Structures are given as structure tokens and as C-alpha cells.
Amino acid sequence: MKIIVFAGGVGSRLWPLSRKNTPKQFGQIIGEESTLQSTINRLLPSFKPEDIYVATGKHYSDVVREQLPMIPADNFILEPAMRDVGPAIGLNAFLLDKKFSDEPIAILWSDHLVKNEEMFRQVLRMAESNVLDDNGKFVFIAQKPRFANQNLGWIELGEKIKEENGADVYRFQRLRYRPKLEDAQLFFKNASFVWNLGYFVTTPRILVNLFEEYAPEMYSQLMKIRDTWGTDAYEQTLEEIYPTLEKISFDDAILVKMSPDDMYVIATDLGWSDIGAWDALKEALSEEVSQNITKGNVLLEDTEDSLAFNYTEKLVVGIDLSEMLIINTDDVILICPKQSVPKIKKLVENLAGTPHEHLA
């Protein structure tokens with residue numbers, strides 16, 4: 001099986017640590033490794049470096065190569081422009097189809113925390129076996145929910161097929177993307193719903209066929225790029241065509257149009273967290289809700305359920321706080337309630353055209 005790890009997002013919900021030129025997946029959010037390095041390292045016990053591909057923006061080429069010296073140079077697939085997840089997955093699937101058409105591929109993301117790493121690798125192999133045995137064209141890997149998360153997509157499960165080594169295999173019912181809080185609370189109470197991690201296993205050929213059926217215009221453009229891969233014409237063709245592709249999510253381009261009959265779900269507890277936002281990072285690192293999470297030179301008094309990360313030498317002090325976020329960098333201090341995290345992305349977008357644009 002081949003693995004494609006996507007590492008091209010900006011990560012504005014982790015601003016001001018994550019910015020356009022220094023996005024979250026390359027920073028040391030937890031420990032001494034970047035989340036990209038942690039993602040690759042959790043794969044290496046079971047997968048060879050030559051079987052791992054990294055998809056990212058062309059402008060991040062130097063940093064990904066520096067952080068991942070074990071990955072072969074030809075395994076970095078560089079996008080010349082950001083065109084959303086639909087074209088990004090399409091590009092990588094079409095290129096790998098040229099070499100590994102019917103070999104399973106796993107689609108993964110570089111900015112997540114996975115605590116149960118051995119189970120994660122085991123589930124990847126389970127999904128691979130399901131695809132090879134033709135038990136499903138598409139196998140989602142899902143996390144059994146820990147709380148009513150409204151910032152994630154959810155998967156509604158169908159019939160349970162089997163249980164294997166602590167993981168359950170289900171038929172797929174439908175996707176529910178970022179529900180309202182009251183809906184997320186209902187999902188959490190219902191054992192038929194799990195978190196959608198954006199991880200799945202299929203084959204390049206299946207993906208190419210899906211694009212041909214559901215996104216024919218993008219299919220024809222991606223085929224032109226695919227046909228030049230490995231030739232002198234590849235870079236120019238990629239530069240000319242890729243930036244013109246429609247900006248669209250993979251869900252909207254492909255997934256919502258697929259037949260549920262072709263899709264399965266493997267659900268278990270991976271200890272997974274999306275640490276792409278400060279409140280999610282707080283939840284991932286906390287053993288109990290009231291616990292404070294700190295990094296750097298921080299002093300908190302009579303404070304609960306708060307996160308304070310200080311990336312400077314100056315002391316940061318918090319008194320009588322509850323459910324607060326404090327992020328201190330050399331040029332920005334962010335202070336807000338945890339519930340205000342969705343507003344961070346909008347604030348960063350609104351910096352464009354202002355004297356503070358360079359801070360985005």
C-alpha cells in the first residue's frame with residue numbers, strides 16, 4: 001500500500017502560531033517534532049519511506065524536504081497553487097494511477113494527533129485488506145467520538161459487518177459535515193455516529209474513475225497532467241493547468257455523489273485529535289476538562305480549563321480565568337474564550353489590505 005500525506009494547509013485556526021509562511025504542520029506544537037514529522041514517524045514501523053508520498057505546496061518544498069530527509073525526492077508532489085482538497089486529492093491519485101493503478105492508497109493528513117499509534121497502523125492494514133478483497137471501493141477510517149464536536153464532520157454508520165482486533169467494520173450510511181451544536185449532541189448520544197477524520201483507503205484507479213463520472217471537466221484536465229508525469233513537460237503542464245482547476249472540496253466533488261454501497265467504515269478509538277485549532281489542542285492534551293495546559297514561561301492562578309502557550313521569554317500571567325486561550329508570540333498576543341475559536345479564521349482573513357496584513 002502507498003500512503004499520501006497532505007501537508008499543504010495554512011492552519012489559520014492556530015493563528016498566531018500558524019501563518020501563511022509558517023503553517024502549523026511544520027511547527028513544534030507538541031514536543032520537539034512537527035506534526036508532519038510525527039505523522040510520518042508513526043507510519044514508519046509498518047511502511048517503508050519509499051511507499052510514503054507527501055503532497056504540499058511548491059513554496060513549502062524546502063521545509064518538507066528538510067524535515068523529512070528519509071522520504072525519496074521523487075515522492076514529494078508539489079502543488080503550484082492552492083485549489084482546495086478536491087483538486088489536491090485528484091492530482092495525487094491521477095499521478096499514482098500511472099504507476100500503481102490497482103494498489104491501495106491511504107489518504108492521510110499531517111496536522112493530527114494519534115495516541116494509539118499501533119492500533120492506527122493496524123487499522124490501515126485492515127482497510128488495505130478490505131480494498132484488496134473488494135469488500136468496498138472506499139474504506140473510511142473513523143474515530144469513536146469523545147464529545148459532541150461541532151467542528152468536525154461525522155459519519156452515520158450502517159449495518160455492522162464484523163469486529164476485528166478491537167476495531168469495528170460497518171457499512172457506510174451518510175456524511176454530516178460540521179453540524180450545529182444541538183445536532184452534534186444528538187450524534188454523540190447515538191452509537192450510529194462517529195467522527196470523520198478525512199482518512200480513507202481506496203485505489204488510484206477507483207479515484208480516477210470517480211472523477212471521470214462525477215467531475216468530468218476536472219478529470220480531463222488532470223489526465224493532461226498525469227500523461228506528462230515523469231517527462232520534461234510535467235512541470236510546465238502542471239503550472240499551466242493546475243491553477244485553473246475549480247476550487248472545490250473533495251466531499252462536494254466526489255463523496256456526496258457516490259453510492260453508499262461502495263463505502264465502508266472502520267471505527268475504533270485511535271486516540272485521535274484534530275489539533276488544527278486551539279480549543280481542539282486543549283481537549284487533546286487534557287486528562288480532565290478543568291486541567292490547564294501551558295507551554296513556556298507561564299504562571300496561572302485560580303484558573304481552570306484554559307490554555308496558555310508562550311513562545312517568548314517574557315512571563316505570561318493569568319489570574320481568575322476560565323475557559324480561556326492565551327497565545328503569546330514575538331509580535332502577536334491572542335486572548336479569547338475557547339468558544340471564540342471559530343472567529344480566529346475570519347479575523348485572519350480580514351487582515352488582508354490592512355497595516356497588519358504581514359501578520360496573517
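Structure values in brief
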| quantity | calculated |
| --- | --- |
| Members of region 187-214 found to be assigned to a helix (DSSP H, G or I) and not charged (D, E, K, R), listed by number | F187, F188, P204, I206, L207, V208, N209, L210, F211, Y214 |
| Those residues of region 143-178 which are among the aliphatic types (A, V, I, L, M) and assigned to a strand (DSSP E or B), in sequence order | I155, L157, I161, A167, V169, L175 |
| Residues of region 30-65 classified as of a type in the set (D, E, K, R) and within 26 Å of A284 (Cβ to Cβ), total | 3 |
| Among (1) touching a strand residue (DSSP E or B) at 6+ places or on another chain (Cβ under 7 Å); (2) crowded, with 19+ Cβ neighbours inside 10 Å, the one test that I344 misses | (1) |
| Strands (runs of 3 or more DSSP E) lying entirely in region 217-311 (those with 1 or more residues that are touching a strand residue (DSSP E or B) at 6+ places or on another chain (Cβ under 6 Å) and in contact (Cβ under 8 Å) with a residue 60 or more places away in the chain) | 263-268, 272-274, 307-310 |
| Yes/no for I71 being closer than 27 Å to M258 by Cα and either of a type outside the set (G, A, S) or surrounded by 17 or more Cβ atoms within 10 Å (Cβ to Cβ) (or both) | no |
| Residue match in region 336-348 (condition: under 18 Å from T294 (Cβ atoms) and out of contact with any helix residue (DSSP H, G or I) (no Cβ under 7 Å at 6 or more places or on another chain)) | yes |
| Qualifying position, being over 25 Å from L359 (Cα atoms), surrounded by 12 or more Cβ atoms within 10 Å (Cβ to Cβ) and not assigned by TED's automatic domain parsing to the domain that holds S18, among L321, L325 | L321 |
| Residue satisfying condition, being under 18 Å from the mean Cα position of the chain (by Cα), within 30 Å of S220 (Cα to Cα), in the same structural domain as L43 (by TED's automatic domain parsing) and not charged (D, E, K, R), within set L132, L95, L113, L108 | L108 |
| Region 338-360, residues that are in a helix (DSSP H, G or I) and hydroxyl-bearing (S, T, Y) | S340 |
| Matching residues, region 115-147, being surrounded by fewer than 22 Cβ atoms within 10 Å (Cβ to Cβ) and among the aliphatic types (A, V, I, L, M) | M119, M126, L132 |
| Pairs with Cβ under 9 Å, 6+ apart, first in region 136-156 and free of Cβ contacts under 8 Å to residues at least 60 places away in the same chain, second in a loop (DSSP other than H, G, I, E, B) and small (G, A, S) | E156/S192 |
| Failed item, numbered, when A55 is tested on (1) modelled with pLDDT of 95 or more; (2) surrounded by fewer than 22 Cβ atoms within 10 Å (Cβ to Cβ) | (2) |
| For A184: the one exception among (1) free of Cβ contacts under 8 Å to residues at least 40 places away in the same chain; (2) surrounded by fewer than 18 Cβ atoms within 10 Å (Cβ to Cβ) | (2) |
| Residue among L285, L307 that is modelled with pLDDT of 90 or more and outside the structural domain of G9 (by TED's automatic domain parsing) | L307 |
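The values are calculated or read from the model by the stated rules, or taken from the named source; none is laboratory data. On a predicted model such as this, the values are computed, not experimentally measured, just so you know. Please note: Cβ atoms are built from the backbone with ideal geometry, for glycine as well, and neighbour counts cover all protein chains shown.
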